[in-house]
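Reviewing the structure listed below.
The values are calculated or read from the model by the stated rules, or taken from the named source; none is laboratory data. Computed from a predicted structure; not experimentally measured. Glycine gets a Cβ as well: all are built from the backbone with ideal geometry, and neighbour counts include every protein chain shown. Just so you know, the surface numbers come from the protein's heavy atoms only, side chains and all, with ligands and any DNA or RNA stripped out. Shrake-Rupley method; radii C 1.70, N 1.55, O 1.52, S 1.80 Å.
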Amino acid sequence: MKKNNYLQTRTGICFDLDDPDPVNVTLPDIIWALAHLPRFTGHAGGYSVAQHSVTCAREAAHRGMDLLTIRCALMHDAHEAYTGDVSTPVKKCLGDSWRDFERSIQYAVRERFGLPYEDPEAVKLLDAQACLSEASFFLGTLKGDGWPPESLGGLRLFGHRIWGPQEAMEEMSRFCDRYEVI
């Protein structure tokens, strides 16, 4: 009999990685983890997934997108609270096994918050634009393949200041309250 793999969360939940249950997905765990999880495998310093998520949601709101799209923008990487932020080049190396693993957790998170299983195209574009802006700012001249095309343009990064974990948690909590992500 196969034993499942579990991840213990900040709030003490044993999150089943093999058979994720939406009931075990909590906003406090997501906010805590994303505020402490660096983007670009840590190569952007302390720039967190939470700050990236709030940046995308702010831009969605600034562009006048509907409530569901803003929520999707805020929560598009929420599954990374359970998987970690694995960079796109690493994901490509891991192939289908990573994609299937990540998708099962992503679906559990999206089901928990009543979000569609696939991000709207507008959120995918915002994420690519944020990636381009963040990478250019934090990593300098982009080298190699795999970056979003520069023709997409970038996002405003709101001062280019890295939030500490506490500020990132507060900002993400504020956005969750404002856009009724519960």
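Structure summary
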item: Average accessible area per residue (Å²) across region 40-182 - probe 1.4 Å, nucleic acids and ligands excluded; result: 49
item: Computed over region 87-182: relative contact order in percent, which uses C-alpha pairs under 8 Å that are six or more apart; result: 23
item: Estimated distance in nm for a label pair at Arg63 and Glu167, the labels positioned 7 Å out from Cα along Cα-to-Cβ; result: 2.5
item: Length gained when the stretch Asn4-His43 is fully extended (0.36 nm per residue, less Cα-Cα span); result: 10.9 nm
item: With every protein chain in place, region 5-110: carbon and sulfur % of accessible area (1.4 Å); result: 54
item: Cα gyration tensor shape of region 89-182, rounded if a/c is under 1.5, else prolate or oblate by comparing a/b with b/c; result: oblate
item: Cβ-derived FRET efficiency at R0 25 Å, Arg178 paired with Leu94, nearest 0.05; result: 0.10
item: For region 42-125: rounded, prolate or oblate by the Cα gyration tensor [a/c cutoff 1.5]; result: oblate
item: Lysine pair number, Cα distance threshold 20 Å (strictly under), the chain, separation 8 or more or different chains; result: 4
item: Approximate spin-label separation Asp21-Glu118, in nm, with each point projected 7 Å along Cα-to-Cβ; result: 3.0
